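Colleague: Mind having a look at this structure? Questions to follow.
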Amino acid sequence: YHDLRKIYNKAGTNTIFELVLDGKSADVLIHDLQFDVLSNEISHVDFMEIRMDKPVYATVPLKFVGKSPAVSDLGGTLVHNRSEVEIKCLPKYLLHEIEVDVSVIVDFHTSIHISDLIVSEHVHIIDNPEEVIATVAAPKTEDELAKEDAEGGKEPPKEEPVAAEAPKAKSKE
């Protein structure tokens, strides 16, 4: 257990390592990892044996770096629409993460799309290239905040109670 925990903490799920079991070794990736809800200990792990000459599919987390001028200068709020993307590549090109530089978001009309991600020519991102990863939302005006407060204070409309129909008497025929 402790060896597995060390490997996972250091390598994550997109690292190939050699698994030796009953004297046989194989190159593997951690395919699925489950944790105990209360203790946060690993309760189950699935390994996926890989061939170094065949492409693999992997989910890679996005790491947002930099500071957006639309946030720092214009008071907007950075919105992350995605936290990971799906890739396909040979195992030797697997990524642990993809950095997303948000400093290119200079105003409220600029967005970062999947097509803007910079990866090796050996890595193919499977997700829709037009999908937005990050953008900056404009700050709300005092009028908008006041309107939301007013709407938030209203109670939802009450439904009229529906009277239950009395059971029909059975006729004797």
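The values are calculated or read from the model by the stated rules, or taken from the named source; none is laboratory data. What you see is a predicted model, and the numbers here were worked out from it, not measured in a lab. Heads up, the Cβs are rebuilt from the backbone with ideal geometry, glycines too, and the neighbour counts pull from every protein chain shown. For accessibility, only protein heavy atoms count, side chains too; no ligands or nucleic acids. Shrake-Rupley method; radii C 1.70, N 1.55, O 1.52, S 1.80 Å.
Colleague: Tell me, which residue of the stretch 1-25 that is part of a helix (DSSP H, G or I) and charged (D, E, K, R) is surrounded by the fewest Cβ atoms within 10 Å (Cβ to Cβ)?
Modeller: So in the stretch 1-25, the residues part of a helix (DSSP H, G or I) come out as 2-11.
If we keep only those that are charged (D, E, K, R) too, we end up with 3, 5-6, 10.
Details: Asp3: 7, Arg5: 11, Lys6: 10, Lys10: 9.
In this case the residue turns out to be Asp3.
Colleague: In this structure, does His124 turn out to be at pLDDT below 90 and either closer than 18 Å to Ala58 by Cβ or open to solvent by less than 60 Å² (accessible area, probe 1.4 Å) (or both)? Please lay out each step first, then the result.
Modeller: On the way: at pLDDT below 90: no; either closer than 18 Å to Ala58 by Cβ or open to solvent by less than 60 Å² (accessible area, probe 1.4 Å) (or both): yes.
The answer is no for His124.
Colleague: On to the next question. Phe64 - would you say it is in a loop (DSSP other than H, G, I, E, B) and touching a residue at least 24 places away in the same chain (Cβ under 8 Å)?
Modeller: It is false that Phe64 is in a loop (DSSP other than H, G, I, E, B) and touching a residue at least 24 places away in the same chain (Cβ under 8 Å).
Colleague: How many of the residues making up the stretch 26-40 are surrounded by 10 or more Cβ atoms within 10 Å (Cβ to Cβ) and under 22 Å from the mean Cα position of the chain (by Cα)?
Modeller: 8
Colleague: Give the number of residues within the stretch 80-128 that are of a type in the set (Ser, Thr, Tyr) and touching a residue at least 40 places away in the same chain (Cβ under 8 Å).
Modeller: Here the count works out to 1.
Colleague: Scan the stretch 32-55 and report the pairs whose first residue is within 18 Å of Leu4 (Cβ to Cβ) and touching a residue at least 40 places away in the same chain (Cβ under 8 Å) and whose second residue is surrounded by 10 or more Cβ atoms within 10 Å (Cβ to Cβ) and among the acidic types (Asp, Glu), with Cβ atoms within less than 6 Å and a gap of 6+ or a chain change.
Modeller: Sorted first by the residue in the stretch 32-55, then by its partner, the pairs are Ile50/Asp27.
Colleague: Moving to a separate point now. Quick check on my filter: what residues within the stretch 76-102 are closer than 10 Å to Phe64 by Cβ, part of a strand (DSSP E or B) and open to solvent by 40 Å² or more (accessible area, probe 1.4 Å)?
Modeller: Correct list: Leu78, His80, Glu99, Asp101.
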